[in-house]
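Worksheet: one structure, shown below.
The values are calculated or read from the model by the stated rules, or taken from the named source; none is laboratory data. All values reported here derive from a predicted model rather than from experimental measurement. Here the Cβ positions follow ideal geometry from the backbone for every residue, glycine too, while neighbour counts run over all protein chains shown. Accessible surface areas use protein heavy atoms only, side chains included; no ligands, DNA or RNA. Shrake-Rupley method; radii C 1.70, N 1.55, O 1.52, S 1.80 Å.
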Amino acid sequence: MPKKRIVVLYGGRADEHPISCISASGVLNTIDTDRFDVVTVGITRSGQWIVDGDDPRAWSLGGDGLPSVEITEQARPVLMDVARGADGFMIGDHDDLTDANVSDETVATSSGCGEVTSLGHVDAVFPVLHGPYGEDGTVQGLLEMMDVPYVGCGVFASAACMDKHFTKVLLQASGIPVAPWITVDTRTIPEDEEGRRSRGDEILLKLQNAHLRYPLFVKPSRAGSSFGVTKIEHDGDRDELLAALLEASSHDWKVLVEEGIQAREIECAVLRASERDQVATSLPGEVVLDSREQNDESFYDFDSKYMDAEASHVEVPAHIPESTLQRVREIAATAFAAVDGQGLSRVDTFVSEDGEVMVNEINTMPGFTPISMYAKAWEASGVSYTELITRLIEGVLR
């Protein structure tokens with residue numbers, strides 16, 4: 001049978017751009033090329049879709065800096081003709097690309113482009129994109145309009161799980177425990193010092209009325225990879241709180257202030273490649289911070305996740321009682337269904353000493369880096385990385 005043509009999307013406009021590049025490298029180096037004809041389409045930080053840029057297969061963690069999709073001399077723009085559906089992926093001329101130093105706020109358009117050629121019929125898209133403009137339902141909506149099958153959650157689940165506030169609301173409505181929190185609109189924090197102090201006092205009172213216990217974690221509602229996350233430990237410290245809120249607001253104006261849970265963080269990979277499949281869960285795993293012996297207050301930040309291979313390691317299955325492992329799997333499957341999940345997700349939970357399980361967040365396009373949990377959890381559950389990718393793609397081709 002002829003190979004199915006699969007477009008792998010990577011990069012994007014989000015802060016998680018380099019992590020998407022590394023994830024795509026993992027997928028591309030593992031995908032079954034005997035089954036699939038793979039076309040790589042990168043998205044620059046300014047939002048331009050290109051082919052024939054740097055080969056993402058060569059990217060890896062470590063080395064000199066993090067990778068990025070850049071416009072090279074050979075790069076050509078990818079233009080979308082929505083009316084043509086799966087035949088609507090078009091390639092323009094290199095001269096039609098905007099300067100590579102265009103600001104991040106600028107998105108290139110196809111207006112004014114000259115002659116274009118077809119990329120050919122696309123059977124499915126694997127959007128290996130993390131964060132806003134990729135994992136939040138925007139790309140999924142575009143592909144829905146084009147009637148192009150794609151790997152991963154649909155528009156609603158992608159949008160809902162990208163927003164930690166609404167994830168909590170949905171899970172609570174389904175009877176699934178979540179960490180206590182409040183949500184702050186940082187657009188209401190004045191720029192003048194007196195007004196800022198007054199607003200800070202109001203937020204402290206709101207925290208007190210919500211009975212949130214310290215330490216607290218302040219995090220952007222719609223960002224990932226621990227960008228903008230701050231741990232605050234001093235009850236009533238307005239300046240510490242305001243500094244954390246402003247740090248998070250550089251990534252999203254909607255910010256969560258969440259009670260720090262004294263529990264282990266246990267993650268479970270979820271798979272439902274086709275709508276006709278039952279929801280499957282992996283053995284739950286745990287990311288163990290090897291630096292805790294030196295610093296008990298450390299948490300799983302960006303550097304621990306992606307930059308320092310010696311900062312942590314993954315244990316699958318997690319070293320918790322079998323009954324608790326099964327409880328995590330049950331809650332992960334229930335949470336996945338509650339948000340109308342499809343394809344894949346990684347459900348992150350907190351497990352207390354007495355075995356109570358609550359959901360922290362749901363990642364609808366979890367990392368595929370060499371040290372990421374999703375593939376490792378399935379490998380420990382008997383599904384190889386290549387087989388996992390094949391199942392995901394063939395699931396949307398049925």
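What fraction of the DSSP beta bridges in the chain is antiparallel, stated in percent and rounded to the nearest 5?
Roughly 75 percent of the beta bridges in the chain run antiparallel, per DSSP.
Inverting the mean 1/r over all pairs of different Cα atoms, compute the Kirkwood radius of the range 128-188 and quote it in Å.
Kirkwood radius, the range 128-188: 13.0 Å.
Taking Rh as the Kirkwood radius, which is the inverse of the mean 1/r over Cα pairs, what is the Rg/Rh value for the range 187-247?
Taking Rh as the inverse mean 1/r over Cα pairs, Rg/Rh reads 0.96.
Please list the equivalent ellipsoid semi-axes of the range 6-79, computed as the square roots of five times the alpha-carbon gyration tensor eigenvalues, in descending order and whole angstrom.
For the range 6-79, the ellipsoid semi-axes come out as 18, 16, 11 Å.
Provide the per residue accessible area, probe 1.4 Å, for the chain, rounded to a whole number of square angstrom.
45
Ignoring ligands, DNA and RNA, what percent of the accessible area of the chain is carbon or sulfur (1.4 Å)?
In the chain, the share of accessible area belonging to carbon and sulfur is 45 percent.
Counting other Cβ atoms within 10 Å, which GluC sites (Glu not before Pro) in the range 208-264 have at most 11 and lie in a DSSP loop?
GLU233
Could you state the principal axis extents of the C-alpha atoms in the range 147-285, from the largest down, to the nearest angstrom?
Cα spread of the range 147-285 along its principal axes, largest to smallest: 58, 36, 25 Å.
Per DSSP H run of at least 4 residues, take -39500 (n - 2.57); add these up for the chain, divide by its residues and hand me the 222 nm value, nearest 500 deg cm²/dmol.
Only helices count here, giving -8000 deg cm²/dmol.
Would you tell me the accessible area of CYS161, worked out with a 1.4 angstrom probe on the heavy atoms of the protein chains, in Å² to the nearest 10?
For CYS161, solvent-accessible area is about 10 Å².
Given that compact globular proteins tend to follow 2.2 N^0.38 Å, what is the ratio of the alpha-carbon Rg of the chain to that value?
Normalised Rg, Cα atoms only: 1.01.
Can you tell me the relative contact order of the chain? Whole percent, Cα pairs under 8 Å, sequence separation 6 or more.
Computed value for the chain: 17 percent relative contact order.
For the range 346-398, what are Rg and Dmax over the alpha carbons, in angstrom?
In order Rg, Dmax, the Cα atoms of the range 346-398 give 13.7, 43 Å.
Find the Rg to Rh ratio for the range 214-274, where Rh is the Kirkwood radius over alpha-carbon pairs and Rg uses the same atoms.
On the Cα set of the range 214-274, Rg over Rh gives 1.10.
Under 5 Å between amide H atoms, partner at least 5 residues away or on a different chain: which partners does SER312 have, H built in plane at 1.01 Å?
ASP290
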